[in-house]
Amino acid sequence: MAATALKKPHEKEFLGHPVGLYVLFFTEMWERFSYYGMRALLVLYLTSKTTDLNPGVGWTQGEALSLYGWYTALVYIMSIPGGILADKLLGQKKSVILGAILLVIGHSVLAIEAMWAFYTGLIFIILGVGCLKPNISTMVGGLYQKGDVRRDKGFTIFYIGINIGAFLSGLIVGYVGEVHGWHYGFGLAGILMVIGLVQFLAGQKYLVHVGNYLGKSKKAEDQEAYKRPLTKIEKDRVIVLLISFLLIIAFFSAFEQAGGLMNIYAKEKTNRMLMGWEVPATWFQSLNSFFIITLGVAVAAFWAKRQLKGTEASSLFKMIVGLGITGIGFLFMSAAATEYDTAGSSMMIWLVLAYLFHTVGELCLSPVSLSFVTKLAPAKYASIMMGIYFATTGLGNKAAGLLGESSTIFGEFKVFTGIAIFCMIFALLVFVFFKKLKALTHGAEDNETDLSTKEAEGFELADS
């Protein structure tokens, strides 16, 4: 007890993880609350008629999905300059603060009922997410020493924070925007982002050792890591990361149908009556987050136990499995489209099952891929590589928008079925080259399984 009391704030732990993890957890929770709240409203606001009781812009479905694709793509593509800004000038911590401030401004401007405010708000949000998103994720990795087996689980805990925010936003911001007024929902998202910023500033004492600008570090090892050229091993690992990013593009081109085509499908073609009450379409946006919150620890424990037993559980393997499971989820949307074509509406259960499988696939792929980047990326390019990672999610988002638009030509059944087949085939194709790709990581994850019996028992206990 005395030793614990003497620890400096940034050395303290809670539930087996650095306290700083929870500071980042809540910061990202409120950032995702604001982002996903706005995302839940965006397409529905754009497609609502100007004559409706809650008037929107009156765009066509194709126009709305096109803007949705560009917006969600740019949000993440801006992570590249956001990462460069952190690595070359500000450091991750200051970049997160800047991003949070830009997000507060963006969501606040969106509350103004004017098209100039709408576009201006989107620009500020794009810039804000670009600064915040890659850098806060890199900071999570910085909390753990190289080879720390807790890293993947730390990212899963962080990911649960993301989805608590997303879950609440779909219910609260979605309801306020859809029922009481779109711009009230946009404004509410901005208010909660203020809480995220204040919380991050208040928790700085737990983050003094992470997110700082390496160029100003006085440590010899930091200066060396920043100036020396990449080694052969580092180059090979960068190659593996870039190839793994293809899995990310494929995954998000499928997964991000949630805010676009599946969102519209829920509103227009799904029978949402439940015991005489119509479930708001935006509430389906919270299913993914609900499943992540309830299943996140179980999925992490499943992979952790495989890892401790020496069974294949590498990050790349998890990502391949995750993409395949996501593809299976779209078969339920194919069933929904078939039912609609024959009966004129489809049951809510198809959406629920689709989101369930998409969530399990996401839990296998997305938090793991964040951790994978921090394990393999060279120190001096840590934020830039994280920025490229998020840029690939942006490309996936744009592809998702294009796929959603194509439904106006080919129909939902062909689009949903095509996504399912592509995801499963692409996952299988990458698996064929799995051993060669894993060899290029040069054992970056091998030492995580080299635990003493006591450490292993403690890890399994934490999962139970």
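Return the residue satisfying two criteria in turn: it lies in region 228-241 and is out of contact with any Pro (no Cβ under 8 Å at 6 or more places or on another chain), of a type outside the set (D, E, K, R) and surrounded by 13 or more Cβ atoms within 10 Å (Cβ to Cβ), and of such residues it is farthest from Ser369 (Cα to Cα). Taking the candidates together, the pick is Ile233. Checked against (1) surrounded by fewer than 16 Cβ atoms within 10 Å (Cβ to Cβ); (2) assigned to a helix (DSSP H, G or I); (3) without any contact (Cβ under 8 Å) to a residue 24 or more places away in the chain, Lys88 passes all but a single condition, namely (3).
Being within 30 Å of Val140 (Cα to Cα), more than 18 Å from the chain's Cα centre (by Cα) and touching a residue at least 60 places away in the same chain (Cβ under 8 Å): is that true of Ser314 here? In short, yes.
Filtering region 234-267 to residues that are of a type in the set (Lys, Arg) and in contact with a His (Cβ under 7 Å, 6 or more places away or on another chain) leaves only Arg237.
Scanning region 132-156 for residues that are modelled with pLDDT under 85, among the hydrophobic types (A, V, I, L, M, F, W, C) and assigned to a helix (DSSP H, G or I) returns a single hit, Phe155. For Met333, work out the one condition from (1) in contact with a Lys or Arg (Cβ under 9 Å, 6 or more places away or on another chain); (2) surrounded by 24 or more Cβ atoms within 10 Å (Cβ to Cβ) it doesn't fulfil. Checking Met333 against (1) in contact with a Lys or Arg (Cβ under 9 Å, 6 or more places away or on another chain); (2) surrounded by 24 or more Cβ atoms within 10 Å (Cβ to Cβ), the one that fails is (1). Here Val129 qualifies as part of a helix (DSSP H, G or I) and at pLDDT 90 or above. Scanning region 30-69 for residues that are under 17 Å from Ile164 (Cβ atoms) and aromatic (Phe, Trp, Tyr) yields a count of 4. Taking into account only those residues within region 193-209 that are modelled with pLDDT of 90 or more, surrounded by fewer than 22 Cβ atoms within 10 Å (Cβ to Cβ) and among the aliphatic types (A, V, I, L, M), which is farthest from Met38 (Cα to Cα)? The qualifying residue farthest from Met38 (Cα to Cα) is Ala202. For region 276-284, the criterion of being modelled with pLDDT of 95 or more, touching a helix residue (DSSP H, G or I) at 6+ places or on another chain (Cβ under 7 Å) and surrounded by fewer than 20 Cβ atoms within 10 Å (Cβ to Cβ) is met by none of the residues. Among the residues of region 387-427, those identified as among the small types (Gly, Ala, Ser) and either over 15 Å from Glu256 (Cα atoms) or modelled with pLDDT of 95 or more (or both) are Gly387, Gly411, Gly418, Ala420, Ala427.
For (1) touching a strand residue (DSSP E or B) at 6+ places or on another chain (Cβ under 9 Å); (2) hydroxyl-bearing (Ser, Thr, Tyr); (3) under 23 Å from Ile157 (Cβ atoms), each residue gets a yes or a no:
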residue	(1), (2), (3)
Leu295	no, no, yes
Leu316	no, no, yes
Gly324	no, no, no
Tyr340	yes, yes, no
Trp350	yes, no, no
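Taken as a whole, the structure places Lys269 among residues that are touching a Phe, Trp or Tyr at 6+ places or on another chain (Cβ under 9 Å), closer than 23 Å to Asn54 by Cβ and among the charged types (D, E, K, R). When we screen Met38, Met29 for residues that are assigned to a helix (DSSP H, G or I), touching a residue at least 60 places away in the same chain (Cβ under 8 Å), out of contact with any strand residue (DSSP E or B) (no Cβ under 9 Å at 6 or more places or on another chain) and within 26 Å of Ser407 (Cα to Cα), the only hit is Met38. Looking across region 18-49, the residues that are β-branched (Val, Ile, Thr) and closer than 19 Å to Phe186 by Cβ come down to Val43, Thr47. Do we find that Val352 is surrounded by fewer than 21 Cβ atoms within 10 Å (Cβ to Cβ), closer than 24 Å to Arg151 by Cβ, more than 16 Å from the chain's Cα centre (by Cα) and touching a residue at least 24 places away in the same chain (Cβ under 8 Å) in this structure? No: the conditions fail for Val352. Would you be able to tell me the number of residues in region 41-64 that are assigned to a loop (DSSP other than H, G, I, E, B) and touching a residue at least 24 places away in the same chain (Cβ under 8 Å)? Qualifying residue count for the region: 4. Among the residues making up region 298-316, those that are crowded, with 18+ Cβ neighbours inside 10 Å and in a helix (DSSP H, G or I) are Val299, Ala300, Trp303, Ala304, Gln307, Leu308, Ser315, Leu316.
The values are calculated or read from the model by the stated rules, or taken from the named source; none is laboratory data. Only a predicted model underlies this, so the values are computations on that prediction, with no experimental measurement involved. For neighbour counting, all protein chains shown are included, and Cβ atoms are generated from backbone atoms with ideal geometry for every residue, glycine included.
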